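Right, one structure below, let's go through it.
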Ligand code: NAD
Ligand code: IPM
Ligand code: MN
């Protein structure tokens, strides 16, 4: 029996609902593949603020550090929206990424054939889309200094954030992106705003430089405004995309819609060493929280990424992905991916259906 310590961070909003489904699924594949999960639940986000006053208690970071991998659901909600930035739930998530040095965020966006009708885009535009967004996660404008709200000499307030990348930060995410592209279709598109931003000029220069080490990967560059347009115009031109923290945040939500719903998109946040965090791309969806309406599949697919990337259990990961395809094939849908003639299910019922599919195959 393989034994793994997994920290579970259910967080806020729909977080606990989708996490419950992912844990049930992991337990079933654990039995099937002789894997023992030692789950340890910890607080983050609004739930942690309410219990301890801080969005990332040090006990949570310690628990994460001692585990083999971290499965995170989502954080945030209206209740905490008026707190200052570092006290907000989002500050907890950023602190976790920084604390574990998770500089590489892999966000695959793949359209499943069963969901083509769920996309808001035309079939011929999305059919066959398979993109990997490699988002830098611990730098850029999210972490650059100076930052804050300051008062000027005239008494006016001035909000400041700073977009910063060092050469080494660009190189390490660049390497991950080239390696990723190499294992896929060998195409890498670097997205920046080098026509305006100095930090982006440095980004472009370094990525161009790095490409000499990867002659088998075809490198291209796009400005972020054009990239956003191209993603919805002709998404099939993309294989792997590498970009900074803020642009990656925005482009990955846009890429999500190519797949039918943000409720389908998993991600892996990885560092050079230590445990990774596996989390859906979406947030805590406060508008549907507590109503059993959330799509748990992004969370379940994040658990599959955890098995593949952190625990070296590709067969168990395959099994989960197959079960997801199976339930979609039989017409099961949550509201976000619903289309005519399909069976509308709640979050729990979707979980039950997945468990049945796992048991059958
Ligand atoms: P969101 O991703 O939570 O929701 C955007 C829209 O997508 C909503 O209409 C929501 O109902 C829908 N949606 C999202 N996930 C869904 C799912 N699994 N099933 C069905 N529908 C789903 O983004 P938002 O509304 O901008 O942010 C809400 C809160 O979440 C904010 O506090 C934000 O900071 C936080 N957030 C957290 C994370 C994270 O924890 N990684 C990511 C994004 C946003
Ligand atoms: C995401 C989220 C986070 C981000 C927020 C909640 C801090 O939008 O994971 O995409 O901007 O990185
Ligand atoms: Mn986001």
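Cβ-Cβ distance of residue 50 and residue 185, R₀ of 56 Å, FRET efficiency by 1/(1 + (r/R0)^6): the value works out to about 0.75. Normalised Debye scattering of the range 1-146 at q = 0.09, 0.15, 0.19 Å⁻¹ gives log10 I(q)/I(0) of -0.38, -0.95, -1.19, counting only Cα atoms as equal scatterers and leaving out solvent. Across the chain, the convex hull enclosing all Cα atoms gives 145 Å³ per residue.
Please sort 296-307, 174-185 by packing, taking for each peptide the average over its residues of neighbouring beta carbons within 10 angstrom, highest first.
Result, highest mean first: 296-307, 174-185.
Pairwise Cα distances in the range 254-301 exceed 13 Å in 61 percent of cases.
What spacing in nm lies between the two simple spin-label points modelled at residue 356 and residue 40, each 7 Å away from Cα in the Cβ direction? In this crude spin-label approximation the distance works out to 3.7 nm. Using the rule -39500 (n - 2.57) for each DSSP H run of four or more residues, divided by the residues of the chain, the 222 nm mean residue ellipticity is -12500 deg cm²/dmol. Among 154-163, 351-360, 33-42, sorting by the average number of other beta carbon atoms lying within 10 angstrom of each residue, highest first, gives 351-360, 33-42, 154-163. Overall shape: oblate for the range 16-82, with the ratio a/c of the largest to smallest alpha carbon gyration tensor axis at 1.5 or above and b/c at least equal to a/b. When all alpha carbon pairs of the range 204-247 are counted in 10 Å bins from zero, the resulting P(r) reads 22, 54, 24, 0 %. Each of the peptides 140-150, 61-71 was scored by the mean count of other Cβ atoms within 10 Å over its residues; in descending order, highest first, they stand as 61-71, 140-150. What percent does the relative contact order of the chain come to when contacts are Cα pairs within less than 8 Å and at least six residues apart? Relative contact order here is 22 percent.
Only the coordinates and a few stated rules stand behind these numbers; no lab work does. Keep in mind it's a predicted model, so treat the numbers as computed, not measured. Glycine gets a Cβ as well: all are built from the backbone with ideal geometry, and neighbour counts include every protein chain shown.
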